[in-house]
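Structure record follows, encoded as structure tokens.
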Amino acid sequence: MARVLLQSRVVGVFQLSRKTSLLPAARLCSQNQPEPLTLQEQSNGIRRIILNNPKKRNALSLSMLESLKKNIVTDVDSNDLRVIIISAKGPVFSSGHDLKELTSAQGREYHTKVFQTCSEVMTLIQDIPVPVMAMVNGVATAAGCQLVASCDIVVATEKSTFATPGVNVGLFCSTPAVAIGRAVPRKVAMEMLFTGTPISAHDALLHGLISKVVPEARLEEETLAIAQRVCQASRPVVALGKATFQRQMAQGRDAAYATASKVMVDNLALRDGQEGIQAFIEKRKPVWSQKAEKAHD
């Protein structure tokens, strides 16, 4: 009888390991070891990062931010990485900063570190050479909404909502406003910031905060379909395009055209740039080198 029970437990562990490829394998750890704040898996060029603290509404505590940052920067220059998808466990994508870390007891130095780390994560998302997507199924508020606004592409379910309610607890969402104010019209951003009133997924789509609204049952399918399309393109071409887009958006019209025109010429000089054009002419599928090598000077 004891042997049967032992075999049953072994089979149970084996089945669990087959069902999940999330790293680290938290469920195989002892019960005394805390769950990791983020989970990571990568396959076929797509890295999945999952916020894993639903009991605390996936609050962006300093530890959560540091874990998220590590997940983003690890092997970010590898040709095996083509796109990142950030999602979350539970009904809340992220409730923003952990307010317990923002009391006077923590002190100014700690508060400074929290916001510096948060800013580093948000700028990293826009500065790394691969697109970063958010897959949202639930509530995204304050710095959680900032995280959404910082991503390059956002797919959300119809039940998702977005808000910057800091003003209601005496902490105006000034840092979330940096990302949100660059994603939605000024008047929309100001209403969100001054009132804290949530907006629906459809309003978020209308105002440009997110890219697509889908039924909950199709969220993963639609998100992965976009990610897979990204993976079909040349990594160095996408990297050049992403960096240029961010740069020219901060410039005036004439400077933006000057920047973009120069980059188009640089793009043509890439081996993959020439391969794509040649493949089009020859009516075949391009074979990307995935290297930022030049075809000509």
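Kirkwood-based Rg over Rh for the chain (C-alpha set), two decimals?
Result: Rg/Rh = 1.02.
What percent do you get for the relative contact order of the chain when only Cα pairs under 8 Å and 6+ apart count?
13
Give, to the nearest whole percent, the P(r) tail of region 219-258 beyond 11 angstrom, counting all Cα pairs.
Cα-Cα pairs in region 219-258 separated by more than 11 Å: 69 percent.
Quick one: which residues, 5+ away or cross-chain, put their amide H under 5 Å from the amide H of residue 83? H built at 1.01 Å from N.
It is 47, by chain and number.
For the chain, what does -39500 (n - 2.57) per DSSP helix run (n ≥ 4), summed and divided by total residues, give at 222 nm, in deg cm²/dmol to the nearest 500?
That comes out to -14500 deg cm²/dmol.
When the accessible area of region 28-128 is split by element with a 1.4 Å probe, what percent falls to carbon and sulfur?
Within region 28-128, the accessible surface is 46 percent carbon and sulfur.
Tell me the carbon and sulfur percent of the accessible area for region 222-297, rounded to whole percent, probe radius 1.4 Å.
Solvent-exposed carbon and sulfur of region 222-297 make up 60 percent of the total.
Per residue, how many Å² of accessible area does the chain show with a 1.4 Å probe?
Computed with neighbouring chains in place, this is 57 Å² per residue.
How many lysine pairs are close in region 27-117, with Cα atoms under 15 Å apart and the two 8 or more places apart or on different chains?
Lysine pairs meeting both conditions in region 27-117 amount to 6.
Rounded if a/c is under 1.5, else prolate if a/b beats b/c, else oblate: with a ≥ b ≥ c from the C-alpha gyration tensor eigenvalues square-rooted, which is region 194-297?
Oblate is the answer for region 194-297, as a/c is 1.5 or above yet b/c matches or exceeds a/b.
Ignoring ligands, DNA and RNA, how do 229, 108, 57, 235 rank by accessible area with a 1.4 Å probe, largest first?
Descending accessible area places them as 108, 229, 57, 235.
Counting DSSP beta bridges in region 23-164, what percent are antiparallel, to the nearest 5?
30
Would you please classify the overall shape of region 249-297 from the alpha carbon gyration tensor, given that a ≥ b ≥ c denote the square roots of the eigenvalues, rounded means a/c under 1.5, and beyond that prolate means a/b larger than b/c while oblate covers the rest?
prolate
Please check which bits of region 207-230 a label hung off residue 74 would reach, taking the label as a point 7 Å along Cα-to-C-beta and the cut-off as backbone N under 12 Å.
Label zone hits: none.
Quick one: plug the Kirkwood hydrodynamic radius of region 102-153 (C-alpha pairs) into Stokes-Einstein at 4 °C, 1.567 mPa s, and report D in µm²/s.
For these conditions, the coefficient is 105 µm²/s.
Would you mind telling me the antiparallel percentage of the DSSP bridges in the chain, rounded to 5?
Of those bridges, close to 30 percent are antiparallel.
I'd like the Kirkwood hydrodynamic radius of region 68-113, using the inverse of the mean 1/r over distinct C-alpha pairs, in Å.
In region 68-113 this quantity evaluates to 13.8 Å.
So what does the Cα-only Debye profile of region 69-223 read at q = 0.09, 0.15 Å⁻¹, as log10 I(q)/I(0), no solvent term?
-0.28, -0.78
GNM, the chain, Cα, under 10 Å: largest mean-square fluctuation among 81, 51, 240?
240
Compute the length gained on full extension between residue 100 and residue 35: take 0.36 nm times their separation in residues and subtract their Cα-Cα distance, giving the result in nm to one decimal.
21.4 nm
Could you work out the relative contact order of region 73-175? I mean the mean sequence separation of Cα pairs under 8 Å and 6+ apart, divided by the number of residues, in percent.
31
Looking at the calculated P(r) for region 146-189, what percent of the C-alpha pair distances fall above 14 Å?
54
Please give the length that would be gained between residue 261 and residue 169 if that part of the chain were fully extended, namely 0.36 nm times their separation in residues minus their C-alpha to C-alpha distance (nm, one decimal).
So the extension gain works out to 28.5 nm.
Zone of residue 294 (label point 7 Å along Cα→Cβ, backbone N under 20 Å): which residues in region 247-276?
259-276
Starting from the Cα-Cα distance between residue 243 and residue 109, subtract it from 0.36 nm times their residue separation and give me the gain in nm to one decimal.
Using 0.36 nm per residue and subtracting the Cα-Cα distance, I get 45.0 nm.
GNM on the chain, C-alpha springs below 10 Å: top fluctuator among 137, 267, 71?
Ranking 137, 267, 71 by mean-square fluctuation puts 267 first.
The values are calculated or read from the model by the stated rules, or taken from the named source; none is laboratory data. Predicted, not measured: the structure shown is a model, and the values here were computed from it. Note: ideal-geometry Cβ built from the backbone for every residue, glycine included; neighbour counts use all protein chains shown. Note: areas computed on protein heavy atoms with side chains; ligands, DNA, RNA excluded. Shrake-Rupley method; radii C 1.70, N 1.55, O 1.52, S 1.80 Å.
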